[in-house]
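What follows is calculated from the coordinates using simple rules that are stated; it is not laboratory data. The structure presented is a predicted model; accordingly, all values stated were derived computationally and were not measured. Every residue, glycine among them, receives a Cβ derived from its backbone with ideal geometry; neighbour counts consider all protein chains shown.
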Amino acid sequence: MAAGESFDVYRLPEEHEAIREAVREVCTAKVAPHAAEADETGEFPKASYDALRAADFHAPHIPEEYGGAGADALATAIVIEEVARACASSSLIPAVNKLGTMPLLLSGSEEIKRRYLTPVAAGDAMFSYCLSEPEAGSDAASMTTRAVRDGDHWVLNGVKRWITNAGVSEFHTVFAVTDPASRSRGISAFVVEKSDAGVSFGAPEKKLGIKGSPTREVYLDNVRIPADRMIGAEGTGFATAMKTLDHTRVTIAAQAVGIAQGALDYAKGYVAERRQFGKAVAEFQGIQFMLADMGMKLEAARQLTYAAAGKSERGDADLTYFGAAAKCFASDAAMEITTDAVQLLGGYGYTRDYPVERMMRDAKITQIYEGTNQVQRIVMARQLLKG
């Protein structure tokens, strides 16, 4: 490289910084004001959804040919990060829309993509992802939900658990066993609509955090759907599910980064204003060391997440490793940072009058969903030992 040439490999492109500013403006004005209420009531924050939809941030990843914004993986991560900074529950709108639609983008026919991605892009529908079951969590291949061929239809029976935005989403990617003898190679993926006969939902789970994002069981009772709603070829569903998670673990990492940033921002402001022993709490070295560690962990998590997002966009061979690493590291960091934010506020941090206790509760799930962090470490180790 010639002397004097700029070297911007670690600088975000201007368009990505512009997206961050635009999302932050929307979230400060129209998402953050609803965050505490969504947490208190446990109700889906429709006002936040409407604001994100109006600004085209509800499903930014959908390609332009289906009416979407066509945001790349890094831009989508930044959108989710910024929404999570204001309200973790609301960040599951763009995050789960990507999770639910990614199987179609990876494996679906052109017809099924056009049919189902277009209304999501328009904000007329949301998309959920139905993989886990009561007895099939980390071991997703042990699912028992069945799909049986009946002429030019499939009939689905089973129960899916921990389904984010179930009952709100119009569409669901459902994984079901089509060939029980083939274990993971006998699993197929389907689009199931909320209005299909035989589809029903359990009561909302009473959760520690992300209370504004409903989590329910999905019941499939002789749900008869056309054969053209299969996503990809028969028996490829489990492979599609795992490829999907390689991409969407990056979005959970982004969510964790956003939650942590919100907590650090609030804690910084608090310790600068709060006075004890005749001076601002921020002037004490012990507090400064805590802030330094929080900031350091957060930036490390962000850089790893953005690197993983780049690999997601390119479809790099090492995406599986980086997706797992980003999700694991960022969520662990978010739990540490939000816990420290509560500590920095002292007794006030423990009350619902201040947002950091909500952020700490919200951060916990990022260590669990889309694969627990113990599973992420298994994934990483396997990738490392391959070589």
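Tell me the net charge near Ala272. Cut-off is 15 Å between Cβ atoms, Ala272 excluded, with +1 for each Lys or Arg and -1 for each Asp or Glu.
Numbers: positive: Lys268, Arg274, Arg275, Lys279; negative: Asp265, Glu273, Glu283.
Local charge sum for Ala272: +1.
Please report, for the Cα atoms of segment 61-127, the Rg to one decimal and the Dmax as a whole number; what are they, in angstrom?
Spelled out, the Cα radius of gyration and Dmax of segment 61-127 are 11.7, 36 Å.
For the pair Val148 and Lys206, how long in nm is the line joining their label points, each one 7 Å along Cα→Cβ?
Reported label-point gap for Val148 and Lys206 is 3.7 nm.
In degrees, nearest 10, range 0 to 90: what is the angle between the Cα axis of helix 373-386 and the longest Cα principal axis of the chain?
80
Express in nm, to one decimal, how much length is gained between Gln374 and Tyr10 on full extension, taking 0.36 nm for each residue of separation and deducting their alpha carbon distance.
On the way: separation 364, 0.36 × 364 = 131.04 nm, distance 2.99 nm.
Gain in length upon complete extension: 128.1 nm.
Which of Asp39, Asp179 comes first, and how do the rest follow, when ranked by fewest Cβ neighbours within 10 Å?
The most exposed by this proxy come first: Asp179, Asp39.
Can you sort Cys87, Cys130 by how many other beta carbons sit within 10 Å, fewest first?
So the residues, fewest neighbours to most, are Cys130, Cys87.
Work out the P(r) tail for segment 243-387: percent of alpha carbon pairs separated by more than 27 Å, whole number. Could the numbers behind the result be given before it?
Values: 2927 of 10440 pairs.
Looking at segment 243-387, the distances longer than 27 Å represent 28 percent of pairs.
Give the cross-link partners of Lys297 among the lysines, using a straight C-alpha distance below 24 Å as the criterion and excluding same-chain residues fewer than 8 apart.
Result set, ordered by chain and number: Lys268, Lys311, Lys327, Lys364.
Sticking with the crude label model, points 7 Å out along Cα→Cβ, report the distance from Ala47 to Lys268 in nm, one decimal please.
2.7
Once a ≥ b ≥ c are taken as the square roots of the eigenvalues of the Cα gyration tensor of segment 338-386, is the result rounded (a/c under 1.5), prolate (a/b larger than b/c) or oblate (a/b not larger than b/c)?
Note, shape of segment 338-386 comes out prolate.
Assuming R0 = 35 Å, can you tell me the calculated FRET efficiency for the pair Asp316 and Tyr348, based on Cβ-Cβ distance, to the nearest 0.05? Can you show the working numbers first?
Working: r = 45 Å, r/R0 = 1.27.
Efficiency computed from Cβ-Cβ geometry: 0.20.
Which peptide among 245-256, 337-348 comes first, and what is the full order, when sorted by highest mean count of other Cβ atoms within 10 Å?
Result, highest mean Cβ count within 10 Å first: 245-256, 337-348.
If you rank Leu291, Leu92 by fewest surrounding Cβ atoms within 10 Å, what's the result?
Least to most surrounded, the residues fall as Leu291, Leu92.
Evaluate 2.2 N^0.38 Å with N set to the residue count of segment 14-122, then give the Cα radius of gyration divided by it.
So segment 14-122 has a normalised radius of gyration of 1.06.
Which value, in nm² and rounded to one decimal, describes the direction-averaged projected area of the C-alpha convex hull of the chain?
Projected area, direction-averaged: 21.6 nm².
Write down the Kirkwood hydrodynamic radius of segment 142-215, to one decimal in angstroms, obtained as one divided by the mean of 1/r over all alpha carbon pairs.
When all Cα pairs of segment 142-215 are included, the Kirkwood radius is 13.7 Å.
Only helical DSSP H runs with n ≥ 4 go in: add -39500 (n - 2.57) per run for the chain, normalise by residue count and round the 222 nm mean residue ellipticity to 500 deg cm²/dmol. Please list the in-between numbers first.
On the way: 11 runs with 201 residues, N = 387.
After summing the helix terms and dividing by the residues of the chain, the value is -17500 deg cm²/dmol.
Compute the acute angle (0 to 90°) between the alpha-carbon long axis of helix 285-314 and the principal axis of greatest extent of the alpha-carbon atoms of the chain; round to the nearest 10°.
Relative to the chain, helix 285-314 is tipped by roughly 30 degrees.
Can you tell me the orientation of helix 110-122 relative to the chain, as the angle in degrees between its alpha-carbon axis and the longest Cα principal axis, to the nearest 10?
40
Over the Cα atoms of segment 52-191, Rg to Rh with Kirkwood Rh, two decimal places?
Details: Rg = 15.8 Å, Rh = 15.8 Å.
Taking Rh as the inverse mean 1/r over Cα pairs, Rg/Rh reads 1.00.
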